[in-house]
1. Return a yes/no flag: does region 58-68 have any residue that is open to solvent by 20 Å² or more (accessible area, probe 1.4 Å) and assigned to a helix (DSSP H, G or I).
2. Return the residue satisfying two criteria in turn: it lies in region 337-354 and is surrounded by 16 or more Cβ atoms within 10 Å (Cβ to Cβ) and closer than 30 Å to residue 323 by Cα, and of such residues it is farthest from the chain's Cα centre (by Cα).
3. Read through the list (1) among the hydrophobic types (A, V, I, L, M, F, W, C); (2) more than 19 Å from residue 233 (Cβ to Cβ); (3) touching an Asp or Glu at 6+ places or on another chain (Cβ under 6 Å); (4) open to solvent by less than 30 Å² (accessible area, probe 1.4 Å), then give the number of the only condition that residue 282 fails.
4. Would a scan of region 297-316 turn up a residue that is crowded, with 23+ Cβ neighbours inside 10 Å and of a type in the set (A, V, I, L, M)?
5. Name the one entry in 421, 386 that is part of a helix (DSSP H, G or I), open to solvent by less than 70 Å² (accessible area, probe 1.4 Å), closer than 22 Å to residue 283 by Cα and not polar (S, T, N, Q).
6. Cβ-Cβ distance below 7 Å, separation of 6 or more or different chains: which pairs start in region 175-202 with a residue that is surrounded by 21 or more Cβ atoms within 10 Å (Cβ to Cβ) and end on one that is modelled with pLDDT of 95 or more and of a type in the set (Lys, Arg)?
7. Given the structure, is residue 268 of a type in the set (A, V, I, L, M), open to solvent by 40 Å² or more (accessible area, probe 1.4 Å) and part of a strand (DSSP E or B)?
8. Restricting the search to region 69-94, which residues are of a type in the set (A, V, I, L, M), in a loop (DSSP other than H, G, I, E, B) and either surrounded by fewer than 22 Cβ atoms within 10 Å (Cβ to Cβ) or at pLDDT below 95 (or both)?
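The values are calculated or read from the model by the stated rules, or taken from the named source; none is laboratory data. Keep in mind it's a predicted model, so treat the numbers as computed, not measured. All Cβ positions, even for glycine, are placed from backbone atoms using ideal geometry, and neighbour counts span all protein chains on display. For accessibility, only protein heavy atoms count, side chains too; no ligands or nucleic acids. Shrake-Rupley method; radii C 1.70, N 1.55, O 1.52, S 1.80 Å.
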Amino acid sequence: MDSNSPSRRDFLKTTAVTGTASLLATGNYAYAQGSGKLKVGLVGCGGRGTGAAAQALNADPGAVLTAVGDVYQSQISNSLTALRGEAAIADRVQVAADHAFVGLDAYLKVLESGVDVVLLTSPPGFRPLHIKAAVAAGKHIFAEKPMGTDAAGVRMALEATREAKAKKLAFVAGFCWRYDYPRRELFRRIHDGAIGQVRHIHSTYLTGPVKPMPPASDRPAGMSDTEWQIKNWYNFVWLSGDGLVEQACHSVDKILWAMKDVPPLRCVGTGGRVNNNHEGNIYDHIDVFYEWADGTRATMAQRQIPNCQHNDNSDYIAGSKGFGNIRGGFVEIQNENKWRYNGQAPNMYQVEHNEFFASIRKGMPLNDGERMARSTLAGLMGRMAAYSGQEITWEHMLKSQENLFPANPDWNAPLAIAPMAIPGKYTVL
């Protein structure tokens with residue numbers, strides 16, 4: 001298959017998912033007792049997926065990468081070359097040619113290949129579909145953040161993670177700061193009352209564009225709408241969720257962490273786009289103002305604009321007796337007994353995989369599903385408020401019918417690009 005020519009098969013294939021579930025959900029977890037191979041499959045072979053695969057293999061000496069899937073053969077080739085170039089794990093990259101699957105249905109083939117663990121790192125728009133299929137197939141799951149790009153998809157994925165818990169399957173979310181030692185200690189202290197009652201949180205994620213949208217003139221002749229949008233996935237809401245949901249959701253997750261994962265009561269937001277995005281339809285800045293039932297407030301400032309003179313990724317937590325700060329590489333508490341973290345700080349990406357695989361081996365599987373859904377919905381709530389100019393409540397998010405995923409996508413069929421949201425005109429579903 002040509003390196004840039006994905007499979008033309010319809011990737012939804014509901015009947016295939018059903019068949020996969022009946023074949024693979026065997027409930028055999030003998031490897032969880034601490035011996036034998038754990039066959040790992042990777043869905044989404046970009047930079048984050050390649051990193052996740054390396055961390056998975058480094059986490060467990062019995063982990064072996066046996067299957068991969070992506071829409072581009074070139075992505076697969078680059079990923080496997082990189083993984084085989086790491087001496088510590090090279091001999092456990094055991095992906096045969098017939099286990100490197102190309103196409104929008106590649107995730108199904110990875111699930112059918114006999115893997116025990118699957119790493120889901122495709123663009124977030126696909127996450128609910130992939131999570132649901134992986135749980136039905138009886139796999140342990142690492143899923144990158146966020147859980148989805150609309151409320152309907154997140155709720156579908158959440159139900160699947162609840163099923164995963166019932167099946168005793170591990171489900172670990174890519175909200176990596178939850179696995180960071182310094183931040184764990186900070187939030188432990190805050191929850192133990194080090195700064196008193198939390199009154200206000202301010203988080204920033206001010207940076208440049210992640211994947212700038214190229215002009216339409218760069219689109220190769222004959223490239224379908226679907227391929228063009230997936231190739232530039234970050235710039236389309238149905239695929240990325242917007243910058244607030246795809247990238248700054250880490251900050252939203254930390255806001256909820258500070259609030260002991262109690263969701264906000266309501267929020268309002270502002271945002272827009274100041275730079276030309278060609279055909280894309282995401283904003284390049286959003287500010288959100290969250291409120292809780294007890295009157296606590298949180299503000300979230302997100303920006304992805306080039307050539308700005310100041311970037312910042314910080315968190316400021318104000319309490320009745322002091323402050324908790326995450327800024328400039330420092331994690332600290334300012335109160336009458338000042339504290340700054342100076343302990344061990346291993347790579348948080350590696351820690352999340354270490355704990356993921358350890359939980360499988362112990363037969364005590366982790367499940368991050370509830371908080372992953374909660375933090376994703378809070379991010380979506382902020383986006384919806386900024387897009388619409390309306391106040392959005394948590395109750396609305398639990399019932400929202402917003403569903404951005406194309407009903408019947410086809411690799412070669414036309415796929416209209418939704419217009420960029422305009423506050424005051426955007427329909428809240």
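1. Yes - at least one qualifying residue is present in region 58-68.
2. Looking at residues that are surrounded by 16 or more Cβ atoms within 10 Å (Cβ to Cβ) and closer than 30 Å to residue 323 by Cα, I get 339.
3. That leaves (2) as the condition not met.
4. yes
5. One residue alone meets the criteria, 386.
6. 175/145; 195/321
7. So residue 268 passes the test.
8. Hits for region 69-94 are 87, 88, 89.
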